Structure formats: structure tokens, C-alpha cells
Amino acid sequence: MNDIIRFIPGFRSNTKWKKIIAIIYYAIFVLMMFSEFFSALAGIALPFLVFGFLDLIRHKKKAIPLKNAIIYFTLALLVFSFSINIAGLESENGDSPTDSRIVSQEDDKNGNENYGQPTTDPQDKVSDNKNSNKTDDHSDSNNDANNEEKNDETDAENNENEVEGIQSSNVSGKIVVHFIDVGQGDSILIQAPSFNMLIDGGNKDNTAVNYIKNHGVSKLDLVIGTHPHADHIGGLVNVLQEIKVKEVIDPAVVHTTKTFEDYLTLIDEKNIKFTEAKPGMKKDLGNGTSLEILGPVSASDSNLNNVSVVARLSFGNVSFLFTGDAETSVLSQLAKKDIKSDVLKAAHHGSHNGISQEFIKTVSPKAAVISAGKDNSYGHPHDEALDILSANGVDIYRTDLHGTIVMESDGQVIDVNVKQPYQHNPPKVPGPTIKPANQPKDKSEPTTAPTIKPEPTEKPASASTPQPTVKPAESQEKGKYVGSTESDKYHLPSCRYAKKILSDNEIWFDAVDEAQSAGYAACGVCNPK
């Protein structure tokens, strides 16, 4: 044993202090073994190099043959140099840390050839039972798309948040966008040729997750939680529990409800990649599909609606704009950008504070989808929003009237599963730009489908039905308990705190269990039971 030890640097002289230093030294380099291989090898070679150098200098005093000292030092030097060089090369060629960009990966395109494929035959969707409507793009859409492609290519090298523009010649397959009827909430499933994505999940129930499963989707490549309100991320809790999710994007703001805490816990427990949404991010989804993040404009806004993730999806020459619950103060800033889109998901369920004339003029949509609950207590969609959309000739589709709205596109034409858009005080202008497939496209007179009955809000109030007589019945239908989208407590309607809740922020429940399942806790003042 002693014969072996005497060849180990630090132990050869049998000096106590040298042994102590050697033990400490070797302990440090044992820990380095858990790092990169060649880095650890360099660390191990270092003490041999040091002691070899000392032997080379003091070989006469220590009676060590010069030849042996040179060989010993040279071998240690070669091993150390080789290890350092290889470790340096690995560091330069290795994966760089993930930056704030959202960039596509090749395995996203080729990992599963069935991702994003419609589960029903497109021909059946159009001709058998959908009575699909078709949208012809604006005459200048091709020029706009080409200009965007050129601008993307020019700016890609200068903007660290951008990727190369999508060429329309690369478009293949079809994209299907499902505006799922989740009641008073948002949930949008997007099936691209090689990519599945979900924007929001509605309230905390199984509506969204069951719909996704029923359409053959077992994995979501991307989930976007626009903001922390329960009517948007509540259903994402169920989705994250039951469906494999690769990546989650949200505005990275803090909220205190149990629903939001459950959502964050699942992301952590399932080791799902998380990305903070930042304006300017782009993702190439393959097959001519791209996603651009436009908002939140400011993540520090105290109004959670205004930190909503705003995203624009492009496929060939068609585009969709998703706005979450962003309000007019944010939309006015977005209106300064080039956000022209064929389909607009109207912000905040068609609320008056989720739309403006300026914004609609900038987006110039052919169609708008409003996701709202039937007979909801907020009165969504508001007449002010419907007036603006109608006055600008925008086709209106509503989940509270039409149910789930499915739009399918080949990159040129958009097919809709709704026979006739909602008619809100039809203007005396040419008819809808999205027309049923079995009707001529040049029909100029406004059409009103007899099967769609006008909403009560469309009828002028008569003297025999004064407005005050309607309000009591409306309040009775709201529910037994009330909460706020800005807090995690539910109250009796008579509670002093309930009376402070803004009407736009109210959320009503018929039972205690319903409130608690949505992540709300009982108020300690009124003690609702």
C-alpha cells in the first residue's frame, strides 16, 4: 500500500502538511467529476502538472533523475492541455441558452405527421352538413402578404425577436380553428398541419378538454393562457391534467386565486416549458403557418384584462387575430401597428370596452367571433360593440347563438360551419363577405336568415314594456352568490363588498359548490352558505 501511495503527488514525501493539502485538493476535484468530462479531467491533471513542475525544478535536491522528471511533467502537461482544448470546443459548439425568442424546432414539424390534421373529411364538412360559408380574400391580400414576407426577411437579421418570414409557396394542408362554446369564457383550439395549439380553456370544467379529446387531439404543442382570470385559465387546469402539453405561454403576471395557483402548480409538476409572452416574438409552426405575439403591451398594468396575450396567426394569405380580454386603452396602441387580419376574435366577449372604431379600421376584419355565454349576466355582447362591427360590414359570429364556431382554411379561402352570420341592424351595404358555399358570391342585397331570430336587444323598447320592469327579473336570474374576476372571494348579493364589485367584473354562482369549484372562497364578512 505504501508503495502505491508514494507515487501520488502530495503523499510521496510523507510530509503531514502536504498530505492535508493533497486531500483537500483531491476532494475538490472529485466534486468536479460531476461536471463535464473533459473539464473534470483537466482538473484532475492539474495537481500532477504542478507537482511535476516542482520535481523538474528540484530534481537534483530530491535525487530524481532528470529524464523521469521531464517525462512526468510532459505527460501531465499533455493531458491538461488536451482536456482544456476539448472542453473549450464543447462549450463553443454546445446548445446556447434559451433566449426570449420563441423559435420553432425541427421535431415540431416532423415529430408526428398526424398533428393538426382535421378529424373529419373537409369535403364532408363543406357539402354534407355544414353548409359552409366561404370567404374570398381582399383583392390586395396577396400584395400585403408578399410585402410582409419581404419585410420579415429584411428585418430578421436586425430584430432578435424575429424569425424568417413564411413564404406562401410553402403552404400545405389546411388549418382548422375551433372557437369552442365554453359559455361565458374563451377557448380556441387550433389544428395546423403539423401543430396543435390551444388559446385559453374557459371556466374550470371539462368542456374544453372533452372537446379537444373528441377531436382526436392527444398532445398540444403550445398552450396560451391570455391572462389569469378564471373564465380563461380555469379550464386549462383540466387540460394540463389530462393532455400532454409541450409549452405554455402567458404574460407571467401574479394572481391570488386558487384556480391560478393550481394552473401554475401543474406547469411545474409536469415540467412543462414556460415562456413569458413578449411583443415581437414569432414562431414558425411549419407548412406556411406562423404565430406572432403582439401583446401584452405592458405587463405592469394593474388591470389584468390589459395584460392579455394578443396573438396573430397567419396561414398562407389568411390571418386570425386573438385579443383575449384586452381593453380599448391597449387596443389603441395595437392599432398603430400593421395588424390587418381576416378574422378577429373580439376582445372581452364583445364588451363595449373591448372594441373601438379606430381598432376595427386598422384590423379591417371580414369576420369577428364573439365568445360569450347565452343570457350572461354581463349583457355581452354589448350593443356598442355590435354597432361598430355591423357599421363596418364585419360578419358577426357568436358562440351564444351559433354554438361552437369552426373555421377551416387552405390558406386562400375560409370555410365556416355557420350558415348565416348574426344580423345586427343590417346596414344598407353589400351583403356579408363570408357567404354560404351554395349561394352566388355577387349577391348585393343584405340577407337575413329567417331561422335566426333577432335578439331582444335589437327590438326597440315599447311604451308597454318600460326598461325598469325588465331589470328586477334580470337580477333574479344572475344567481345566489356573486364574486369578482379581480378577487378570489364570493359573497351574498347584500354584502357591502359585493356592492363594490363593478358590473363588468361580476361573476355569479347558483350554489356554493359552483363557486368553490371555480376557485373562490367564502367572504368572511357575509359568510355565504
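Would you kindly calculate the mean projected area, averaged across all directions, of the convex hull enclosing the Cα atoms of the stretch 204-310, in square nanometres? Numbers along the way, then the final one.
Numbers: hull surface 27.6 nm².
Over all viewing directions, the stretch 204-310 projects a mean Cα-hull area of 6.9 nm².
Over 27 Å between Cα atoms, which of K174/K374; K213/K273; K246/K282; K282/K361 qualify?
Beyond 27 Å between Cα atoms: K174/K374.
Given the peptides 393-403, 271-281, arrange them by the average over their residues of other C-beta atoms within 10 Å, most packed first.
393-403, 271-281
To the nearest 0.05, how large is the calculated FRET efficiency for K499 and D383 if R₀ is 22 Å and r is the Cβ-Cβ distance?
The formula returns an efficiency of 0.30 here.
Considering the zone a paramagnetic label at K244 would reach in this model (a point 7 Å from Cα along the Cα-to-Cβ line), which residues of the stretch 205-220 have amide N under 18 Å from it?
212-220
Starting from the Cα-Cα distance between N214 and S302, subtract it from 0.36 nm times their residue separation and give me the gain in nm to one decimal.
That pair, N214 and S302, stretches by 27.9 nm at full extension.
Does the stretch 200-259 come out rounded, prolate or oblate by the C-alpha gyration tensor, with a ≥ b ≥ c the root eigenvalues, rounded set by a/c under 1.5 and, if not, prolate when a/b is larger than b/c and oblate if not?
Working: a/c = 2.40, a/b = 1.47, b/c = 1.63.
The shape class here is oblate.
Hey, got the Cα dimensions of the stretch 368-420 along the principal axes, in Å, largest first?
Largest first, the stretch 368-420 extends 37, 24, 16 Å along its Cα principal axes.
No value in this document is a laboratory result; all are computed from the given coordinates. Keep in mind that this is a model prediction, so the values were computed, not measured. All Cβ positions, glycine included, derive from the backbone under ideal geometry; neighbour counts span all protein chains shown.
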